[in-house]
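Notes follow once the structure below has been shown.
The values are calculated or read from the model by the stated rules, or taken from the named source; none is laboratory data. From a predicted model like this one, the values you see are computed outputs, not experimental measurements. Here the Cβ is made from the backbone with ideal geometry for all residues, glycine too, and neighbour counts use every protein chain on show. What goes into the accessible areas is simple: the full protein's heavy atoms, side chains included, and nothing from ligands, DNA or RNA. Shrake-Rupley method; radii C 1.70, N 1.55, O 1.52, S 1.80 Å.
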There are 2 protein chains.
Amino acid sequence: MIKIVLLGAGNVATHLYKVFKEASNIEVVQWYNRNLKAIEMYKNEVDITDDVNALIEADVYIIAISDDAIEALSTSLPFENRLVVHTSGSARLYDIDQKHYRGVFYPLQTFSKDVDLDFTTVPICIETLRKKDFKLLETIGESLGCKTFKVNPKQRPALHLAAVFVNNFTNQIYRIAHEITEKQGAEFDILKPLIAETARKVQEVSPYLAQTGPAKRNDKKTIKRHLKLLDNPHHEDVYNLMTESIKKTHGR
Amino acid sequence: MIKIVLLGAGNVATHLYKVFKEASNIEVVQWYNRNLKAIEMYKNEVDITDDVNALIEADVYIIAISDDAIEALSTSLPFENRLVVHTSGSARLYDIDQKHYRGVFYPLQTFSKDVDLDFTTVPICIETLRKKDFKLLETIGESLGCKTFKVNPKQRPALHLAAVFVNNFTNQIYRIAHEITEKQGAEFDILKPLIAETARKVQEVSPYLAQTGPAKRNDKKTIKRHLKLLDNPHHEDVYNLMTESIKKTHGR
Ligand SMILES: NC(=O)c1ccc[n+]([C@@H]2O[C@H](COP(=O)([O-])OP(=O)(O)OC[C@H]3O[C@@H](n4cnc5c(N)ncnc54)[C@H](OP(=O)(O)O)[C@@H]3O)[C@@H](O)[C@H]2O)c1
Ligand SMILES: NC(=O)c1ccc[n+]([C@@H]2O[C@H](COP(=O)([O-])OP(=O)(O)OC[C@H]3O[C@@H](n4cnc5c(N)ncnc54)[C@H](OP(=O)(O)O)[C@@H]3O)[C@@H](O)[C@H]2O)c1
């Protein structure tokens, strides 16, 4: 049985708690949050606390709190030489106080407390200083049915940055498409199968090979017609930059 | 039985042929292409031709050829007062010679000849001049199991433009993410579940509500760190513009 103390009660901690509970070889022996209210509803199934001085012994302490608060909380932990990890894509491993064995257990996915998710599809990016700690975190990831990946201190921030592109920026592209269709009273719903298919395609072929359309073909006539249709200067900027980007990639 | 003559042998025509063949109330009575080679393999199951003067009678002639060639081919058809439609998102209905009854049967999806697709998920955007023609095209779409949508001459180009955003531009965002991860020797595969989840989320909630991340939070520290990581000026431009775009949308 791997004993875990979970720290934090946000999106990630809540999802982790739920999947840890289901895993046969994992026990959440305690759940900490600075305010108890957020986890009070779980008090009948797990030991809860808002006092770092009451923390009990465990194989690993998983800090899933806001990036900026990781350092201070790790320092405030009243013990040393135990494995303490955070779940952030961008905080440094060294943000954890050096009195601990340090690591990162970064689930590369977008979590909202109230949106269910098949956790077995979540890739876990692991960074540690000791091989032994890597093995333990790997076992935890695998116990959840996840694929695990060993990453280094340069790869994790790169993955986090790339995640902002494929998640936030892609979502904003959807938003602009929503604005464009709404303007003409056309239904955004009509675009949803295309959104799904575009994401599905790159599960199998590279985005390079998956590309099609006027920019790749350098179809000046269609591009010109599109720019004429766009009456929002900001949408035009995005259109122009993404068209340039595609041309650059495909050597036009 | 609805009798269809199909013209063209590219991505769309090939997909249409295959699904028409399966539909119980549709018969492809003839398949035309300017070069026979592309459709020769089907000659045992359908009448094929490369001669517009050999075209036989049908309820509708579906022209699925390159946008630029639609006008000339429609003019060259040696008959009049029959329903002739094209499948383009951007060509005008009026690109079809006025000697015909004119219409558009635009399947809003991305097609590649060799990529299979569940056609029942494809939305069909229909534009006609006569109500009667709309009904017929609607019946054809429904016979394929598709949702059909009546669109007007302003909505269809807007949808096509929005499709370029959610398909080509999104795909280019994936490509940049690929470049960023590759640079650090990290696997692009790790991003695939996030790509899938991002597309899945907007099937249910609007892109506005689905948005998260540093730009929406106006988290200057993370944005600064990301910009420092990006050593490709073009990636920086995309990062800056998309970050601005999100801030604009979310009132930052
Ligand atoms: N959300 C995602 O999609 C996602 C994905 C991968 C990784 N991550 C990472 O996972 C970690 C948690 O993210 P999240 O989205 O779960 O955060 P969240 O939902 O915003 O929750 C933040 C948690 O941090 C606690 N907290 C904030 N400031 C604190 C402080 N000064 N001292 C102690 N606790 C404090 C909050 O406590 P209160 O309840 O008292 O406010 C809350 O429990 C972050 O490192 C994030 O980068 C997030
Ligand atoms: N691909 C998509 O994802 C998609 C989605 C929705 C709508 N559409 C629309 O569907 C139509 C066809 O697109 P596609 O992707 O199927 O095209 P495609 O794969 O590029 O095939 C083009 C077809 O047009 C024929 N053609 C080209 N120039 C011609 C000419 N001057 N005279 C006669 N035939 C000519 C070609 O004949 P050869 O075989 O002899 O070269 C070929 O059969 C276009 O209007 C397009 O906008 C495409």
Before rounding to the nearest 500, sum -39500 (n - 2.57) across all DSSP H runs of length at least 4 in chain B and divide by the residue total; then give [θ] at 222 nm in deg cm²/dmol. -12500 deg cm²/dmol
Karplus ³J(HN,Hα) for segment A:67-76 (6.51 cos²θ - 1.76 cosθ + 1.60, θ = phi - 60°; Hz, whole; x = Gly/Pro) runs 2, 5, 9, 4, 4, 5, 5, 5, 5, 6
Selection from B:193, B:209, B:162, by position along the positive dipole direction of segment B:146-252 (Cβ): B:209
Given labels modelled 7 Å from the Cα in the Cβ direction, how far is it in nm from residue B:114 to residue A:80? 6.2
Kindly work out what percent of the DSSP beta bridges joining two residues of segment B:2-151 are antiparallel, to the nearest 5. 20
For the pair B and A, the solvent-accessible area buried on both sides (1.4 Å probe; DNA, RNA and ligands excluded), in Å² to the nearest hundred, is 8100
Here the FRET efficiency for residue A:147 versus residue B:121, based on Cβ atoms and R0 = 35 Å and rounded to 0.05, is 0.80
homo-copy label distances at residue B:50 (7 angstrom along Cα-Cβ), nm, one dp, ascending, are 8.1
Using a 1.4 angstrom probe, figure out how much accessible area the protein assembly as shown has per residue, in square angstrom, rounded to the nearest whole. 45
Going by a ≥ b ≥ c, the root eigenvalues of the Cα gyration tensor, does segment B:136-180 fall in the rounded group (a/c under 1.5), the prolate group (a/b larger than b/c) or the oblate group? oblate
Tell me the distances, shortest first, between residue B:227 and the same position across the other copies, using label points 7 Å along Cα→Cβ, in nm to one decimal. 2.7
Roughly how many debye, to the nearest 20, is the charge dipole of chain A about its Cα centre, given +1 on each Lys and Arg Cβ, -1 on each Asp and Glu Cβ, and no other charges? 1440
Quick one: if the Förster radius is 60 Å, what FRET efficiency do residue A:187 and residue B:54 give, using the C-beta to C-beta distance and rounding to 0.05? 0.90
Over chain A, relative contact order from alpha-carbon pairs under 8 Å, at least 6 apart, %: 12
Say each of residue B:43 and residue A:27 gets a label point 7 Å from the Cα, pointing the same way as Cα to Cβ; how far apart are those two points in nm? 7.6
Would you work out which of B:227, B:8, B:42 lies farthest towards the positive end of the dipole of the protein assembly as shown, given +1 charges on the beta-carbon of Lys and Arg and -1 on that of Asp and Glu, about the Cα centre? B:227
Net dipole in debye of segment A:26-111 [+1 Lys, Arg Cβ; -1 Asp, Glu Cβ; about Cα centre; nearest 20]: 160
Mean-square fluctuation maximum in Gaussian network of chain A, Cα pairs under 10 Å, restricted to A:46, A:205, A:28, hits A:205
Would you work out if segment A:1-79 is rounded, prolate or oblate? Take a ≥ b ≥ c from the square roots of the eigenvalues of the alpha-carbon gyration tensor; rounded if a/c is under 1.5, else prolate when a/b is larger than b/c, oblate otherwise. rounded
Output the Kirkwood hydrodynamic radius of the protein assembly as shown, Cα pairs only, in Å rounded to one decimal. 25.3
Please work out the Cα center distance from segment A:117-174 to segment A:1-71, rounded to the nearest Å. 20
If I ignore ligands, DNA and RNA and count only protein heavy atoms, how much of residue B:17 is accessible to a 1.4 Å probe, in Å² to the nearest 10? 10
Dipole magnitude of the protein assembly as shown about its Cα centre (Cβ charges: Lys, Arg +1; Asp, Glu -1), debye to nearest 20: 1120
Environment charge of residue B:228, counting only residues whose C-beta is closer than 12 Å and scoring Lys/Arg +1, Asp/Glu -1: +1
Report the accessible area of residue B:126, computed with a 1.4 Å probe over the heavy atoms of all protein chains in place, in Å² rounded to the nearest 10. 0
Pop a pseudo-label 7 angstrom from the Cα along the beta-carbon direction at both residue B:208 and residue B:224 and give the gap in nm to one decimal. 3.2
If only Cα atoms are counted, what is the Rg of chain A, and what is its Dmax, in Å? 22.5, 69
Taking the axis that carries chain B onto chain A, what is the nearest Cβ in chain B, and at how many Å, to the whole number? B:199, 2
Can you tell me which of B:32, B:42, B:61 moves the most in a GNM of chain B? Springs connect C-alpha atoms under 10 Å apart. B:42
If labels are modelled 7 Å from Cα along the Cβ direction, residue A:35 lies from its partners in the other copies at nm distances, smallest first, of 6.9
Let me make sure I get this right: for segment A:2-151, a, b and c are the square roots of the gyration tensor eigenvalues over alpha carbons, sorted descending. Under 1.5 in a/c it's rounded, otherwise prolate if a/b > b/c, else oblate. Which is it? rounded
